[in-house]
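Enquirer: My questions all concern the structure below.
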Amino acid sequence: MKMTLHRRLSASLIVLALAGAAGAQETTSFNASVWLPENHPLAKHSYVEWLPRLREASNGTLDPTLYTGPVLLPPGGHLSGIADGIAHVGYHAGTYTPSELPEDNVLAQLSFSYQDNYVAAFAITEANLTIPELQEQWKRNNLVYLGGYAIPPYNLLCTREVVTRDDIQGVRIRVPGAAHSDWADAVGATPVNVPSSEMYSGLDRGQIDCAAIPANDLQTRSLWDVAKHATMIDLGVYFSGYSQAANRDFWRGLSADQRQAFFDTIPIALVDQLHHYDETIAAALAEAEDEGVNLHQPADDLLAAVEDFQAQARENAIRMGSETFGMSDPETIVAQFEQVVQKWTELFDGVDRSDRDALIALAVDEIYGKLDPDSYALD
C-alpha cells in the first residue's frame with residue numbers, strides 16, 4: 001500500500017531528482033518509506049501523520065511522497081535503500097542488518113533487559129544523536145540518524161498454549177534479532193529470524209508456532225486470526241535501527257530551515273507513537289477474547305528463564321561486540337548508553353506519561369533543542 005502526498009510514482013521514475021541546494025523558496029521533493037502497515041504506531045505517527053506536519057513546518061518547501069508496506073523497499077532493504085537514495089527518509093529495524101550496524105546490534109542486546117519503552121525510546125534517540133561512535137556508524141552507511149523509537153515489551157503470540165518451560169521446548173519462535181534468538185536457544189525453543197511482515201503467513205502456514213512481538217499486533221496485523229494463544233511474558237523492549245533516518249547527500253542538500261523543520265516535528269512523532277502503542281495494546285487485549293484468543297500468564301519456571309537471561313544481557317552485548325563484530329572496545333559504548341538510560345530514568349521519575357505536551361517539551365529541551373541545523377551531520 002502507498003500513500004502519495006503530492007504525486008504518484010510513475011512506472012519509470014523510482015528515484016526522484018533532488019532539488020539542488022534548497023533555498024528558502026525552493027521545493028525539495030523526496031521519497032519516504034516505512035514497510036509497516038499504515039495503522040501501525042511506527043507508520044501512523046512516525047510517517048503518515050508526521051510528514052504533513054513536516055511539510056507545514058517547512059512552509060511547504062519539503063514535499064514528501066510516502067510509501068507504506070514493502071512497496072518501494074523490502075524490510076531488510078531500508079538501510080541500503082536509503083543510503084543509495086531510493087528512499088531519502090525511512091524506518092529501519094537494525095537487527096535485520098547486523099554486519100552493517102555492529103554498534104547498534106550490541107545495544108540491541110541490552111534491550112532484552114529493559115521493560116520501560118518510554119525511557120528506552122528517549123535514551124536510544126539521544127544516544128544515537130550524540131555518542132560519537134554511534135554517529136560514525138551512521139556516517140559510514142551514508143545515513144543521518146534523526147529519530148528513535150522503542151517498542152513495548154515483547155510477548156509470545158502462538159498457535160498453541162505456551163506457558164511452562166516444558167511447553168516451549170522445540171517451539172519455533174519468530175524473533176526480531178540476536179537477543180531474542182539467543183534466549184530462544186537458551187530455553188530450548190527454535191528461533192526463526194524473519195521480518196515481522198512475515199509473521200502472519202508463517203503462523204498461518206505452520207512455519208512458526210509463535211511470534212515474539214507486542215500484543216498490539218493481534219489487532220494491528222490481524223494476528224488474532226492465526227494466533228489463538230497469547231502468553232503475556234515480558235521479553236524486553238526493542239529499539240534497534242531508527243524511526244527516521246535520511247540519506248546523507250539529501251540531508252546536506254537541504255537548507256538550515258528545512259533541517260530545523262525535522263528537529264521541530266520529530267519530537268511529536270516520538271511521543272505520539274509511544275502513546276499509540278499504549279492505546280493499541282489496551283485495545284487489542286480488550287478485544288482478544290471476542291476474537292477467540294486465550295490470554296495466558298507464564299509459569300514460574302518460564303519467568304525464571306527470562307530473568308536469568310536478562311541478567312546476562314550486558315555480558316552478552318559486550319561479548320557480541322568483541323567476538324562477533326571484532327570491536328576493540330564495545331564496553332565503552334555500552335557504558336555510555338547506560339549513562340544515558342540512567343539520565344532518562346531519573347528524568348521520567350514523576351512525569352505524567354499521559355501528558356503529551358510535557359513529553360514533547362522534554363524531548364525538545366533535552367534532545368532536539370540542542371541540535372544545530374547549521375552543523376548536525378554535515379561533516
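Coordinate-derived values only; no laboratory data. It should be emphasised that the depicted structure is a prediction, and the values quoted were computed from it without experimental measurement. A quick note on method: Cβ atoms are made from the backbone with ideal geometry, for glycine too, and the neighbour counts reach across all protein chains shown.
Enquirer: For segment 153-204 and segment 206-234, compute the distance between their C-alpha centroids and round to whole Å.
Expert: Rounded to whole Å, the Cα centres lie 10 Å apart.
Enquirer: Express in whole angstrom the spacing between the alpha-carbon centres of segment 52-103 and segment 297-314.
Expert: Segment 52-103 and segment 297-314 have Cα centres separated by 35 Å.
Enquirer: Based on other C-beta atoms within 10 Å, arrange SER58, SER113 from fewest to most.
Expert: On the way: SER58 24, SER113 19.
The order, fewest Cβ neighbours first, is SER113, SER58.
Enquirer: Give me the extension gain from ASP379 to ASP249: residue separation times 0.36 nm, minus the current Cα-Cα distance, reported in nm with one decimal. Mind showing how you got there, number by number?
Expert: Details: separation 130, 0.36 × 130 = 46.80 nm, distance 1.09 nm.
Here the answer is 45.7 nm.
Enquirer: Counting only helical runs of four or more DSSP H residues, what would the 222 nm mean residue ellipticity of the chain come to if each run contributes -39,500 (n - 2.57) and the total is spread over all its residues?
Expert: -12000 deg cm²/dmol
Enquirer: Separation between the ALA286 and ASP225 pseudo-spin-labels, each 7 Å from Cα along Cα→Cβ, expressed in nm?
Expert: Between ALA286 and ASP225, the simple spin-label model gives 2.3 nm.
Enquirer: Here's something else I'd like to know. Take every Cα pair under 8 Å in the chain that's 6+ residues apart, average their separations, divide by the length, and report that relative contact order as a whole percent.
Expert: After rounding, I find 23 percent.
Enquirer: If you don't mind, another one. Project the alpha carbons of the chain onto their principal axes and report the range along each, largest first, in whole Å.
Expert: 64, 44, 40
Enquirer: Given labels modelled 7 Å from the Cα in the Cβ direction, how far is it in nm from SER322 to GLU198?
Expert: Distance between the two pseudo-spin positions: 3.3 nm.
Enquirer: Multiply the residue gap between ALA311 and MET232 by 0.36 nm, knock off their C-alpha separation, and tell me the result in nm, one decimal place. Mind showing how you got there, number by number?
Expert: Details: separation 79, 0.36 × 79 = 28.44 nm, distance 1.97 nm.
Full-extension gain reported as 26.5 nm.
Enquirer: Moving to a separate point now. Would you mind putting 174-181, 162-169 in packing order, based on average other-beta-carbon counts within 10 Å, highest first?
Expert: Highest mean packing first, the order is 174-181, 162-169.
Enquirer: What are the residues whose amide H is under 5 Å from the amide H of VAL192, where those residues sit 5 or more places off or on another chain and H is modelled from the backbone?
Expert: Correct list: ILE173, ARG174, VAL175.
Enquirer: Which percent of Cα-Cα pairs in segment 191-278 sits in each 10 Å bin, short to long?
Expert: 13, 34, 25, 18, 9, 0
Enquirer: What residues of segment 210-236 lie in the reach of a label at LEU303, counting those whose backbone N is under 17 Å from a point 7 Å from the Cα along Cα→Cβ?
Expert: Residues passing the 17 Å test: 231-236.
Enquirer: I'd like the Kirkwood hydrodynamic radius of segment 301-379, using the inverse of the mean 1/r over distinct C-alpha pairs, in Å.
Expert: Computed over segment 301-379, the radius equals 16.0 Å.
Enquirer: Kindly put ASP209, ASP355, ASP116 in sequence by how many other C-beta atoms sit within 10 Å of each C-beta, fewest to most.
Expert: ASP355, ASP116, ASP209
Enquirer: Using θ = phi - 60° and the Karplus curve 6.51 cos²θ - 1.76 cosθ + 1.60, what whole-Hz ³J(HN,Hα) does each residue of segment 238-248 get, with Gly and Pro shown as x?
Expert: With coefficients 6.51, -1.76 and 1.60, one gets 9, 9, 6, x, 8, 7, 9, 9, 10, 4, 5 Hz.
Enquirer: What order do you get for LYS343, LYS44 when you list them from fewest to most C-beta neighbours inside 10 Å?
Expert: Details: LYS343 15, LYS44 22.
Taking fewest neighbouring Cβ atoms as first place, the list is LYS343, LYS44.
Enquirer: Express the Stokes-Einstein translational diffusion coefficient of segment 212-333 in µm² s⁻¹, to the nearest whole number, given a Kirkwood radius over alpha-carbon pairs, 25 °C and a viscosity of 0.890 mPa s.
Expert: After rounding, the answer is 133 µm²/s.
Enquirer: Taking R0 as 41 Å, what's the FRET efficiency between THR345 and ASP166 from their Cβ-Cβ distance, rounded to 0.05?
Expert: The pair THR345/ASP166 has a calculated efficiency of 0.70.
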